[in-house]
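**Q** Input: one structure, supplied below.
Bear in mind these aren't lab numbers, they're just calculated from the coordinates by the rules spelled out. Every value quoted in this text rests on a predicted model; they were computed, and no experiment measured them. Counting neighbours? That spans all protein chains shown, and the Cβs are built from the backbone with ideal geometry, glycine included.
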Amino acid sequence: MSLQEDRVLVENVVLQQIKLKKHTLDLFVSPCNLFIPNAVSRLFSKVVRIDEDDTVFDIGTGTGVLGIWAALEDSEIVFAVDPVEEHCELAMQNAQSNGVGEKFVVRCGSLFEPLADNLRADVIIGDVSGIADGPGKALGWYSDSVPTGGGDGTEVVVEMIDKSRQRLAKGGRLYFPVAVGLSNDERVMEVARACYGNLKQVVDVWFPLSEEEYDIVSCCLPQSMLDKVRRKGSRMAWNGHIFEATQPIM
Ligand SMILES: C[S@@+](CC[C@H](N)C(=O)[O-])C[C@H]1O[C@@H](n2cnc3c(N)ncnc32)[C@H](O)[C@@H]1O
């Protein structure tokens, strides 16, 4: 199946049902070509707080999963951004088919660039690529058409944290991921501490790797990152964190 044959072609589209906090979404995804919502997407929905009439930015929306979830909550409007045109196409389709097309605005581009300068968010969901290029590609989590977090996994997250300060409304909050073991987490936290007065860790989860996956990452990770992939029971695992950042330092 393909969508929008007369415009952008998105090949090999299938329907994925995903349960997030309070809502079940039916999403068009393209597992071979594009990013597929996963356990991290679900964790974001568990910890992101949306208050009534909040304006939400979903930066790195992929096929729209977290922005659509936020639109199903009490938010006023959601602006969703991704640099991959096919992601944006599916995100728009998915918002419509989940009944929130009216309050879901999709923009194709990098970080905050496609959003009007005067727009401010009460909540920024910053689930952008935060895995280093080597493991991201070798594990098959990122296809060639989806940008990873660069050589050490920090390129997109660090820029997003820095720029988010100018984009939060008073009292607003940013949520961002840190992949300990699969990125240079220390660099991300250094930038986060310089940019925000208050950082609260809201998720701390170990994700197991199969033996084959561990062999793959051990070939492409620098020793400093590989040392942080730890044995948990019988399996090796990497550590996923999500932080809530408030009180931007200008
Ligand atoms: C880990 S995936 C998460 C996607 C989605 N939030 C989900 O849960 O399925 C990271 C997303 O960040 C996007 N991304 C990468 N670089 C970006 C940038 N400069 N600006 C905005 N999004 C970016 C990727 O295209 C990808 O969709």
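**Q** Pop out the ³J(HN,Hα) list for region 141-158 in order, Karplus 6.51 cos²θ - 1.76 cosθ + 1.60 with θ = phi - 60°, rounded to Hz; leave Gly and Pro as x.
**A** Values, residue by residue: 7, 10, 7, 4, 8, 10, x, 8, x, x, x, 10, x, 9, 4, 7, 4, 5 Hz.
**Q** Could you state the number of Å between the C-alpha centres of region 143-176 and region 204-237?
**A** The distance from the Cα centre of region 204-237 to that of region 143-176 comes to 24 Å.
**Q** Sort region 1-137 into rounded, prolate or oblate with this rule: let a ≥ b ≥ c be the square roots of the eigenvalues of the Cα gyration tensor; rounded if a/c is under 1.5, and if a/c is not under 1.5, prolate when a/b is larger than b/c, oblate otherwise.
**A** Rounded shape, in that the Cα axes give a/c under 1.5.
**Q** FRET efficiency for SER210 and THR246, Cβ-Cβ distance as r, R0 = 35 Å, nearest 0.05?
**A** 0.40
**Q** Further, regarding this structure: Through the Karplus equation 6.51 cos²θ - 1.76 cosθ + 1.60, θ set to phi - 60°, convert the phi angles of region 160-175 into ³J(HN,Hα) values in whole Hz; use x for Gly and Pro.
**A** Once rounded to whole Hz, the list reads 5, 4, 4, 6, 4, 4, 6, 10, 8, 6, 4, x, x, 9, 10, 10.
**Q** Turning to a different aspect of this structure: Over all alpha-carbon pairs in region 114-173, figure out the percentage whose distance exceeds 19 Å.
**A** Everything past 19 Å amounts to 40 percent.
**Q** Over the chain, with a Gaussian network built from C-alpha contacts below 10 Å, which listed residue (VAL191, VAL178, VAL84) shows the highest mean-square fluctuation?
**A** VAL191
**Q** Let me ask something else. Among rounded, prolate and oblate, which fits region 76-186 when a ≥ b ≥ c are the square roots of the eigenvalues of its C-alpha gyration tensor, a/c under 1.5 means rounded, and a/b larger than b/c means prolate?
**A** oblate
**Q** Additional query: What whole-number distance in Å separates the alpha-carbon centres of region 89-142 and region 36-71?
**A** What the calculation gives is 9 Å, centre to centre.
**Q** Mind sorting GLU52, GLU89 by how few other Cβ atoms lie within 10 Å of their own Cβ, fewest first?
**A** GLU52, GLU89
**Q** Hey, what does the equivalent ellipsoid look like for the chain, semi-axes from the Cα gyration tensor as sqrt of 5 times each eigenvalue, largest first, whole Å?
**A** 27, 23, 16
**Q** Set the Förster distance to 35 Å, then compute FRET efficiency between ASP117 and GLN201 from the Cβ-Cβ distance, nearest 0.05.
**A** 0.65
**Q** Pop out the ³J(HN,Hα) list for region 89-101 in order, Karplus 6.51 cos²θ - 1.76 cosθ + 1.60 with θ = phi - 60°, rounded to Hz; leave Gly and Pro as x.
**A** Residue by residue, region 89-101 yields 4, 5, 4, 5, 4, 5, 4, 5, 6, 9, x, 10, x Hz.
**Q** Of LYS21/LYS137; LYS19/LYS163; LYS21/LYS163; LYS163/LYS228; LYS22/LYS232; LYS21/LYS103, which sit over 24 Å apart, Cα to Cα?
**A** LYS21/LYS137; LYS19/LYS163; LYS21/LYS163; LYS163/LYS228; LYS22/LYS232
**Q** Let me ask another. Sequence-distant or interchain residues sharing an amide H contact under 5 Å with LYS232, placed H: which?
**A** Counting only residues 5 or more places away or on other chains, the set is ALA237.
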